[in-house]
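Single-structure report; data block below.
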Amino acid sequence: MTGLRHILRALGPASAGARPTEGLRAGLGALIGLGLAGLFVLSPAVDLRLGLYLIAPFGATSVLVFAVPNSPLAQPWNAVIGSTVAAIVGVLACLAVPDPVWRVALAVGLSIAVMVPLRAVHPPAGAVAMTAAMNPEAIEMLGFRFALAPVAVGTVALVVIGVVYARLTGRHYPLRQFDDPNVHGTGDPAPPERLGLSEEELTGIIERYRQSLNLGVEDLARLLAAAEMQAASHRTGPLNVEDIMSRDLVCVGPDTPLVEIADLFRRHGFTSLPVVETDDRFLGVIFQLHLIDRARDDALRLDRRFGTALRRMLDRRREKPLRAADIMGVAIPRVTPTTPIAALLPMMTDGGCEAVPVLTQGRIVGIVSRTDLIAALARQSLTA
């Protein structure tokens, strides 16, 4: 029975579960990518004169580019070079081998053999080679131009659309590089990712376990760091958010003027202020950085347009002063009172979030600042 259960598990899904919203994001990306490519670059009908037409492998490329943009197999080099090389091999096989079965097998096999040393493995490229081998009439007319159009042109179009779509939806494409600047623009790794391992050591781990086609160096660093953080959270004890949160909150309404908000920051020494409606229903949070950024942007814009003297006059005559709702952040992490404090670690260690609101049925009941979390961890380390 145990052996049967093991076999059934082995035949089941191997990837971790993903939220439905991620599936919608990827599906919408493929829809937009192929739609734009079909409208402005490639014709949905076969065009053997220009070669600018959609081919089936572009659907497989879309799955990689939009659904798994962090995969090494989805990167621009792999997609463009792998597909183009496979197209060239497919054309050669089509011209040299008359038997259709061996032509297809040779095209796909040789494509793989060429892509691996070029570090350009791209699964849809096998379908590109197969497409060329199965369409001798088209290859007779297009020849090696098939590798340029539709293959290279179409793949580049999908990659470019993928880059833009990833930026718009909060993803990273192309793959993060190990030495990319952190969120602060400096060369240090983000605090949760400081492993003490060099890029060469991480590369060695990937190669030793033969994962170079599945995982990038930077992704391995992030996964190891996340695993370390999760392991550390097991040692934080049974404390929940309600044990450490601040309860006596100073909140502002959405119509509170910025002058009043600045005064509250100065008077209380806070780094964040929750924005709520009259019934304590949570709307967002204003961090000091929001206030500073808005004041700086306004000053720069008015300086460029009117000069300092006129800017001061306009500031005095401003009819509709900026309000809390104009600068508050809404896309921030939220927790409940029963959330373990271990869950706060990844939220607050990357520098992007100074405080996390604590909500019950949409109403704010507390807030946990970074200072609260550090104090709780310090107390636990003293009592351990």
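Subtracting the Cα-Cα distance of Asn240 and Leu52 from 0.36 nm times their residue separation leaves 61.8 nm of extension gain. Sorting Ile374, Ile81 by the number of Cβ atoms found within 10 Å of their own Cβ, with the fewest placed first, yields Ile374, Ile81. If R0 is 56 Å, the Cβ-Cβ spacing of Thr360 and Ala152 corresponds to a FRET efficiency of close to 0.50. Maximal additional length on extending the Val250-Asp280 stretch stands at 9.7 nm, based on 0.36 nm per residue less the C-alpha distance. When only alpha carbons of the stretch 20-168 are considered, Rg and Dmax amount to 14.9, 48 Å. At an R0 of 25 angstrom, the distance between the Cβ atoms of Arg267 and Leu168 translates into a FRET efficiency of 0.05.
Counted by neighbouring Cβ atoms within 10 Å, the residues Phe144, Phe270 run from fewest to most as Phe144, Phe270.
Would you mind ranking Tyr53, Tyr209 by Cβ crowding within 10 Å, fewest neighbours first?
Tyr209, Tyr53
Ordering 109-121, 20-32 by mean Cβ neighbour count within 10 Å, with the highest value first, yields 109-121, 20-32. Spin-label model, Val330/Ala227: points 7 Å from Cα along the beta carbon direction are separated by 3.9 nm.
Values in this text are rule-based calculations from the coordinates and carry no lab data. A quick note: this is a predicted structure, and the numbers were derived from the prediction, not measured. Neighbour counts are summed over all protein chains in view; Cβ atoms, including those assigned to glycine, are modelled from backbone coordinates with ideal geometry.
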